[in-house]
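Below is one structure, written out as structure tokens, with a few remarks after it.
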Amino acid sequence: MKTTNKISILLIVAILAGLPLLKAHAEIKKPRVIVMTDGEIDDHSSMIRFLLYTCDMDVCAIIETNSIFQKKGHSGEDWYEKQLDAYEKIYPNLIKHNPDYPTADHLRSISFVGDEVFDRVKDLRDKRWELIPGGTIMMKPDDWADTPGSDKIVDVLLEDNPDPVFIQAWGGGNTAARAFYKLKTQYPNDYKRAVSKVTMYNIWYQDGAGNYIENYHPDVTMIYCGSFAGTWNYKSQKNTYDFVENNVKNNHGPLGALYPQEYISEGDSPAFFYTMNNGLRNHENPGFGGWGGRFEKTDLFPNVYQDAVDDGDKKKSLRIWIDDVNRNYEARMDWCVAEKYEDANHEPIVKINGDLDITVSSGRTVKLNGKKTTDPDGNKLSFKWWQYKEAGTYVGLVELNGSDKATLSFKAPHVSKPETIHIIFQVTDNGKPVLDSYQRVSLLK
């Protein structure tokens, strides 16, 4: 029987910011982010990488906190200040490759200390496996003191700016919990508007804040990432000793020289991979999938997400991007020392003709044209179109014609109800390092 149901095609299309088309940077709205870090050794490594991607985000605040693992925090040490000093030294080189890098002084001006009270987390480490979505509420911030960090979160969320704010909990979330409590009790007329803007990406629940927030502030979108373990944390990438030695620590400037570990060990980096303005728009929907992983709603709360289990593997949605992410990091490290634009590699720039937000009837042929794709360094490009099956609602695979060409055609399958399909157009250059590019266009509703 012929069906007339519509099918929404979500295209994940390859593009990166790609200088020297500097106007493209201004036209892309950058995700607004707040980082909370407990200063653990892998946070040091993640922060070095993060600083090299600050051009792709609108960084609103960087806040030092504690956690059940780093109970006193590390704001009394100067690890972060040393990194900003090193960043300041390479800044003149970085802006030759992307003019959107913030100055070190600007980053200093939005750096704060949040909650580092030892007593709040001293007894929680033995209960860490209970700190999961739906777990017992073990603390409430009602009688806590405000901190410069929590007050900054309040200020950002009260701004007359409707754009989402992505709060990243590399360590504990107590500082955010106090901010949400203050908004609810002292700004009741603005509370819902303020917290509804928040997506909070949690690398585990590293204190009692997660379970408090999901119950008392249900309008906050909570992402619980456990898949960082086994993909990005300690001992997960022990094949990267040479990579770190040759492409990060040595001959790549003073920031890379501060990298404290011998191999890639950055358990907190997926939190900002999720919000990076790399074109995949991972941050627009937890279920889309991208460098920061893919997530599914829990059955416990309407706005709480946890790792998606793709092909029976909850680590797959992070693992499939690791090589792409690290090659891109290698290029950014090259930017630290490349004094001229042409002395380093940059991501391809993809151009797709026509409308990228497509709703089609079952059986219709869809044609996509990426022939205007270019590379800012003049490198040779290769193309690959593929279906990100897990990210769509349609359970089958569509036949892609021309999957290794700049143009693609396929027939929208017959469906009995509205479905979505995700198609990725992946463009790879042959520079050094090899770089892939992406951009996701918006899903039609």
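Checked across the stretch 295-316, the condition of being charged (D, E, K, R), in contact with a Lys or Arg (Cβ under 9 Å, 6 or more places away or on another chain), crowded, with 19+ Cβ neighbours inside 10 Å and part of a strand (DSSP E or B) holds for at least one residue. Pairs are defined by a Cβ separation below 8 Å, a sequence spacing of at least 6 or placement on different chains, a first member in the stretch 181-208 that is of a type in the set (Val, Ile, Thr), and a second member that is modelled with pLDDT under 95; the pairs so defined are THR199/HIS283.
Residues of the stretch 146-180 that are without any contact (Cβ under 8 Å) to a residue 12 or more places away in the chain and more than 21 Å from GLU284 (Cα to Cα): ASP155 alone. Restricted to the stretch 175-209, and to residues that are assigned to a helix (DSSP H, G or I) and in contact with a Gly (Cβ under 6 Å, 6 or more places away or on another chain), which residue is farthest from ARG294 (Cα to Cα)? Ranking the candidates gives THR175 first.
Every residue, every condition in (1) part of a loop (DSSP other than H, G, I, E, B); (2) modelled with pLDDT of 95 or more, yes or no:
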| position | (1), (2) |
| --- | --- |
| THR4 | yes, no |
| ILE9 | no, no |
| ARG49 | no, yes |
| ASN66 | yes, yes |
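Is it true that some residue in the stretch 194-205 is at negative phi and out of contact with any helix residue (DSSP H, G or I) (no Cβ under 8 Å at 6 or more places or on another chain)? Yes, the conditions are met somewhere in the stretch 194-205.
Among the residues of the stretch 33-47, the ones that are of a type in the set (A, V, I, L, M, F, W, C) and either surrounded by fewer than 24 Cβ atoms within 10 Å (Cβ to Cβ) or not assigned by TED's automatic domain parsing to the domain that holds GLY267 (or both) come to 1 in all. Looking only at residues of the stretch 368-391 that are over 22 Å from PHE288 (Cα atoms) and in a strand (DSSP E or B), we find that the one that is farthest from the chain's Cα centre (by Cα) is ASN369.
Looking at ASP323, ASP377, ASP355 in this structure, which one is under 28 Å from ALA257 (Cα atoms), free of Cβ contacts under 8 Å to residues at least 60 places away in the same chain and either hydroxyl-bearing (Ser, Thr, Tyr) or assigned by TED's automatic domain parsing to the domain that holds PHE425 (or both)? Being under 28 Å from ALA257 (Cα atoms), free of Cβ contacts under 8 Å to residues at least 60 places away in the same chain and either hydroxyl-bearing (Ser, Thr, Tyr) or assigned by TED's automatic domain parsing to the domain that holds PHE425 (or both) holds for just one of ASP323, ASP377, ASP355, which is ASP377.
The values are calculated or read from the model by the stated rules, or taken from the named source; none is laboratory data. A quick note: this is a predicted structure, and the numbers were derived from the prediction, not measured. For neighbour counting, all protein chains shown are included, and Cβ atoms are generated from backbone atoms with ideal geometry for every residue, glycine included.
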